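Worksheet: the structure to be examined is printed underneath.
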Amino acid sequence: MKNNYDRNILVFAQEAGSAALLIPVIERLLSCGYSAKIHALPPAIHLFKARFDCVNEWTGFPDEKFDLLLAGYGNPRVPVNSNIFAEASRFGINKSIALLDNWRGLDRFLDKNGNASMNMPGIIAVMDLETKDYLIKTGIPADRLVVTGNPRLESIGTHSITMKDRIAAREKLNLPIDKMLCFLASEIIHNHSYHESCEQEG
């Protein structure tokens, strides 16, 4: 796509993690002169609206010509996530790229029987070689997998936090300035198959 500034890109996300990952990618595309039209569902739409002016709620494929679908790869139990890549070609979008935002839930690329899903984007951008190798072993074709790193984590890593930033954050959260603080972030632990419902165990 390099130097093809007439390309029109449809961006979609439903999960917050996907939106967070896509934001620096969209910003880079826009700064390079590409046209990116963002359509999303909650909770992703809220993150997009905080960063971009024109964000539309997903109601189906827009009546517009797009050269590429750029999306997060959300939970397949949400119908739009499992259908969007298969349906894109019916709307004239023959190229698609999905960005994977973390290492959890790699079973989303498999059906309930453990076979590679038929509803697959043209390219899956993964964080590292280990993830690529794992997905190849599950039956995903190697030529569909590209190691790109994690644009969101990389953009956070380049931001230097000053003492002024730290004090402002503590004041905003009404936390003591002079005490050591620990922040723990965790995912929900699932003791069931990816394609099964959480019910009470989750």
Inset, instruction - Scan (1) at pLDDT 80 or above; (2) not acidic (Asp, Glu); (3) not in a loop (DSSP other than H, G, I, E, B) for the single condition residue 152 breaks and write down its number. - result: (1)
Legend entry - Qualifying residue in the range 57-70 (condition: farther than 18 Å from residue 93 by Cα and open to solvent by 30 Å² or more (accessible area, probe 1.4 Å)): yes
Legend entry - Lone unmet requirement of (1) closer than 24 Å to residue 145 by Cβ; (2) more than 12 Å from the chain's Cα centre (by Cα); (3) crowded, with 21+ Cβ neighbours inside 10 Å for residue 77: (3)
Legend entry - Matching option when the condition is crowded, with 21+ Cβ neighbours inside 10 Å and at pLDDT 95 or above, among 52, 85, 48: 48
Legend entry - Index of the failed condition, residue 96 passing every other in (1) modelled with pLDDT of 90 or more; (2) more than 16 Å from the chain's Cα centre (by Cα): (2)
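Residues that are over 23 Å from residue 138 (Cα atoms), touching a helix residue (DSSP H, G or I) at 6+ places or on another chain (Cβ under 6 Å) and touching a residue at least 24 places away in the same chain (Cβ under 8 Å), at least 1 per element: which helices (runs of 4 or more DSSP H) completely within the range 1-118 meet that? Give the steps one after another, and end with the answer.
Working: elements: 16-31, 44-51, 79-88.
Hits in the range 1-118: 16-31, 44-51.
The values are calculated or read from the model by the stated rules, or taken from the named source; none is laboratory data. Note that the structure is a prediction, hence the values are computed from the model and not measured. Heads up, the Cβs are rebuilt from the backbone with ideal geometry, glycines too, and the neighbour counts pull from every protein chain shown. The accessibility values were calculated without ligands, DNA or RNA, using every heavy atom of the protein model including side chains. Shrake-Rupley method; radii C 1.70, N 1.55, O 1.52, S 1.80 Å.
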